[in-house]
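Structure first, commentary second.
The values are calculated or read from the model by the stated rules, or taken from the named source; none is laboratory data. Just so we're clear, the structure is a prediction, and the values are computed from it rather than from any experiment. So basically every Cβ, Gly included, is an ideal-geometry build from the backbone, and we count neighbours across all protein chains shown. Calculation scope for accessible area: heavy atoms of the full protein, side chains included, ligands and nucleic acids excluded. Shrake-Rupley method; radii C 1.70, N 1.55, O 1.52, S 1.80 Å.
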Amino acid sequence: MKRLLIALAVLAALAVGFVVLFPERALQADFARQRLWAGASVKSQDVGGERWTYLEAGRGPLIVLVHGYTGSKENWLPVMRRLARGHRVLAVDLPGWGDSAPAPGADYGPLAQAARLDAFLQAQGEPVALLVGHSMGGMIAGLLLSDAHAAPVERVVFMSSAGVRFSENDFARRVAAGDNPFAVYDATAFLAFLDGYVFAEAPYVPVPVARVMVERRAAKRGFERAVFAQMSLGPQAFLLQQRLPRIRQPAGLLWCDRDAIIDVSAAAVFAAGLPSSQTRILAGCGHMPMMERPGPVADYLLGRLP
């Protein structure tokens, strides 16, 4: 037993040392571990002169998952294993985000991204059984579906979605004052942001790994600033709210009751504007339901929860 404890202590020390010395490789190793568990692989496709990178898992009717502001395809790994048991699941990096570098001078606002997403969905050559948009991704998905000529989508879920006016919270007050609460490019401030806004119970992220994550984002600082301005303050900020009655697909509205970014009151605004919708509020989680409550989220997306 003593030898086992010593061996475990040595392995733990080696793991800590690896994270400290090689944080980028540690982050990539964790993503690889999650992909293996989810049965997902990294794919890419050229659509309209742009390279889309995405995760793909499973076979069957098509589910497409769209991340939010500052997010990436990896946000969906916790739910992909369950969804892929009977579906072909694609979790995309929107152009400009994740593994996609923004092109200088290109428009990455909500309407432009909706047009890009429409082209990507049509390039799949099959109907989309379910389109899921989280936060900014929900805003983009909704703008896409409000266009009568959009790709065929059978059902949509708006998850913690942007694009409508909701009850004022601290986050909204900061945005109204001209601040971008997401604009944190220091590891300590980033971890505090995760704990204060993004998660009800933030996962443990080693400081060296957090530093790698913020360095990646800092390289796209100007891009992030431009997208946030169009999302939150420009004429497109609440365009989706005006267009909700145009969306004819059955819609699911999935929120967490402790969302400190898009207040849960937004779900009622969506419900009031959509012709057909169903709302589910999960308890005890924040702005990232698919990461904090992957089991209930997967069940809801598959129609197993009321």
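General observations
- Within the range 218-234, being open to solvent by 30 Å² or more (accessible area, probe 1.4 Å), modelled with pLDDT of 90 or more and under 28 Å from Gly142 (Cβ atoms) holds for Lys220, Arg221, Gly222, Arg225, Ala226, Ala229, Gln230.
- Meets criteria (assigned to a loop (DSSP other than H, G, I, E, B), within 20 Å of the chain's Cα centre (by Cα), touching a residue at least 40 places away in the same chain (Cβ under 8 Å) and surrounded by fewer than 13 Cβ atoms within 10 Å (Cβ to Cβ)) for Pro203: yes
Every residue, every condition in (1) open to solvent by 20 Å² or more (accessible area, probe 1.4 Å); (2) assigned to a strand (DSSP E or B), yes or no:
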| position | (1), (2) |
| --- | --- |
| Val132 | no, yes |
| Gly138 | no, no |
| Gly142 | no, no |
| His149 | yes, no |
| Phe158 | no, yes |
| Gly163 | no, no |
| Phe166 | yes, no |
| Tyr185 | yes, no |
| Thr188 | yes, no |
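- Checking the stated criteria, Gly178 turns out to be small (Gly, Ala, Ser), part of a loop (DSSP other than H, G, I, E, B) and either farther than 27 Å from Ala260 by Cα or more than 17 Å from the chain's Cα centre (by Cα) (or both).
- Among residues of the range 79-113, those that are modelled with pLDDT of 95 or more and either under 14 Å from Ser41 (Cα atoms) or polar (S, T, N, Q) (or both), counted: 10
- Single unsatisfied condition, Ala237 versus (1) surrounded by 15 or more Cβ atoms within 10 Å (Cβ to Cβ); (2) in a helix (DSSP H, G or I): (2)
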